[in-house]
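Structure record follows, encoded as structure tokens.
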Amino acid sequence: MARKEPQGDRYRRLKAEGLCTVCAKRPLVTGTRCQECRDKQVKAMDTWYYRDHEGRKTERREYSKTARANRRLRIIDLLGGCCARCGMNDVRILQIDHKDGGGSKETARVGWQSGLYKLVRENPEKYQLLCPNCNWIKRIENAAKGETGRRYLRHRRCPLCVKSP
């Protein structure tokens with residue numbers, strides 16, 4: 001009884017001989033498959049792809065949505081789970097804030113979600129959680145001190161924050 005050739009060895013041997021790697025016939029054009037085997041493969045892939053394409057798209061979308069939400073919750077837990085100023089703990093509205101500013105430059109450099117989350121995991125001491133109100137208050141205070149965020153006050157003349165000319 002003849003010993004069966006391992007699949008990888010058979011593939012390499014047929015490819016080296018210039019034969020179809022599926023049926024061992026001579027291909028009409030260059031490549032690893034003859035036209036008949038190529039057509040079978042295309043038909044099989046089309047059948048698989050279109051069989052439940054919408055269902056798989058929906059599953060991927062749901063998985064991605066869940067994975068993003070779980071990643072965000074892990075980051076919120078890492079940063080304390082509540083606003084650093086007022087103690088608000090509604091995870092739906094909490095925002096990641098750079099303690100020393102420069103968030104827009106860093107976000108442009110590393111990307112929004114996964115890139116930023118990776119940096120937060122590596123250096124949690126550089127970030128804090130703020131609710132939207134506290135985040136805006138911080139921006140306005142920093143602008144009044146002349147640090148960052150001047151564009152937020154450019155067209156406003158608040159007597160408490162900016163001295164009028």
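Bear in mind these aren't lab numbers, they're just calculated from the coordinates by the rules spelled out. Just so it is clear, the structure is predicted and the values come from calculations on it, not from any experiment. We place every Cβ from the backbone using ideal geometry, glycine too, and count neighbours over all the protein chains shown.
Brief remarks follow.
- Extending 7 Å from Cα along the Cβ direction at GLN113 and again at ARG71 yields two label points whose distance is 0.6 nm.
- Crossing angle, helix 113-122 versus the chain [Cα axis fit, 0-90 degrees, rounded to tens]: 70
- For the chain, the longest principal axis of the alpha carbon atoms and the long axis of helix 35-51 meet at an angle near 40°.
- Summing Cβ point charges (Lys, Arg +1; Asp, Glu -1) relative to the Cα centre of the chain gives a dipole of roughly 380 debye.
- Of TYR11, TYR127, TYR117, the one that fluctuates the most in a GNM where the chain has Cα springs shorter than 10 Å: TYR11
- Cα-based helix-to-principal-axis angle, 53-78 vs the chain, degrees rounded to 10: 40
- The distance separating the Cα centre of segment 122-139 from that of segment 50-114 comes to 14 Å.
- Sparse-neighbour loop sites [trypsin sites (Lys or Arg not before Pro); segment 8-80; at most 16 other C-beta within 10 Å; DSSP]: LYS25
- ASN133-ARG56 FRET efficiency (beta carbon distance; Förster radius 45 Å; 0.05 resolution): 0.60
- Here the translational diffusion coefficient of the chain follows from Stokes-Einstein with Rh set to the Kirkwood radius across Cα pairs; for 37 °C and 0.692 mPa s it amounts to 151 µm²/s.
- The local environment of ASP9, defined by Cβ-Cβ distances under 13 Å, has a net charge of +4 under the rule Lys, Arg +1 and Asp, Glu -1.
- Note on segment 53-152: dipole from Cβ charges, positive end direction compared against ASN123, ALA84, SER64; the farthest Cα belongs to SER64.
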